[in-house]
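The values are calculated or read from the model by the stated rules, or taken from the named source; none is laboratory data. All values reported here derive from a predicted model rather than from experimental measurement. As a convention, Cβ positions derive from the backbone with ideal geometry for all residues, glycine included, and neighbour counts pool all protein chains shown.
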Amino acid sequence: MAAPGRAAAPALPAGIDATELPADAIEIGRIADAWGIKGWFKVLPHSADPQALFSSKRWYLQPPERGPKAFSGTVLLKIREAKDHSDSIVARCDEVDDRGGAEALKGARVFVPRSSFPTASDDEYYWVDLLGLDVFNREGVHLGKVKDLLSTGPQTVLVLEYEEDGKAQERMLPFVSAYVDGVDLPGKRINVDWQLDY
């Protein structure tokens, strides 16, 4: 029974099965709400280029961190169709065929396995692959470890974390070819033309 003044979360449709989250799963979006009356739902992607949502036909959902939850653990959706719609994506799956079922997914976090991401072109990298890489300049000086990436519009900026005098510090470096000599994903390293005092 719901608490007074709060609506109970809609129940998940039959046919949505509990499963395990793959070891290489990456959170790539969140279900915003139902869209229409035939089971479609609206997805807000975490990336401006959400190709992983389109390439993967198996989405793993986990409940929202806050608010009503229609399920716990991880469930699997078999995506029938996903397409761009305005500033979001709309999708439908085999397991949901009406608005009520789609409403039950509201707030759910969407994960897909990293292995199902489309192959990046030469000199293109997924942000998730750059996190945690060590950054060294041409002189072999360690500038820090990639903690985050920021999109500033025309370019992406690496946020590096390093320690100085026992305190955690940050430095920013544009992720552009003028400064980045190379990315070695297997070696977990980025080589750059950058100095400590820039």
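Details
- Count - residues of segment 117-176 that are within 25 Å of Ser55 (Cβ to Cβ), in a loop (DSSP other than H, G, I, E, B) and aliphatic (A, V, I, L, M): 3
- Asp49 vs. criteria surrounded by fewer than 13 Cβ atoms within 10 Å (Cβ to Cβ), closer than 21 Å to Leu149 by Cβ, not assigned by TED's automatic domain parsing to the domain that holds Leu150 and not β-branched (Val, Ile, Thr): yes
- Flag for Ala70 being surrounded by 15 or more Cβ atoms within 10 Å (Cβ to Cβ), farther than 18 Å from Asp24 by Cα and at pLDDT 90 or above: no
- A count restricted to segment 82-108 and to residues that are within 21 Å of Gly67 (Cβ to Cβ), surrounded by fewer than 20 Cβ atoms within 10 Å (Cβ to Cβ) and of a type in the set (Gly, Ala, Ser) stands at 3.
- One residue stands out in segment 20-42 among those that are of a type in the set (Val, Ile, Thr) and in contact with a Pro (Cβ under 8 Å, 6 or more places away or on another chain): the one that is surrounded by the most Cβ atoms within 10 Å (Cβ to Cβ), namely Ile28.
- Within segment 35-46, being under 17 Å from the mean Cα position of the chain (by Cα) and either modelled with pLDDT of 85 or more or not assigned by TED's automatic domain parsing to the domain that holds Asp94 (or both) holds for Lys42, Val43, Leu44, Pro45.
- Applying a threshold of 6 Å to beta carbon distances and a minimum spacing of six or more residues, or different chains, the list of pairs starting in segment 83-105 at a residue that is under 20 Å from Ala18 (Cα atoms) and in contact (Cβ under 8 Å) with a residue 24 or more places away in the chain and ending at one that is among the basic types (Lys, Arg) and outside any loop (DSSP other than H, G, I, E, B) reads Arg92/Arg80; Cys93/Lys78; Cys93/Arg80; Asp94/Lys78; Asp94/Arg80.
- Any hit, segment 109-116, residues being of a type in the set (D, E, K, R) and part of a strand (DSSP E or B): yes
- Residue within segment 160-178 that is in contact with a Ser or Thr (Cβ under 7 Å, 6 or more places away or on another chain), closer than 29 Å to Ile28 by Cβ and surrounded by 12 or more Cβ atoms within 10 Å (Cβ to Cβ) present: yes
- Selection status of Asp97, modelled with pLDDT under 95, in the same structural domain as Leu76 (by TED's automatic domain parsing) and closer than 30 Å to Ser55 by Cβ: yes
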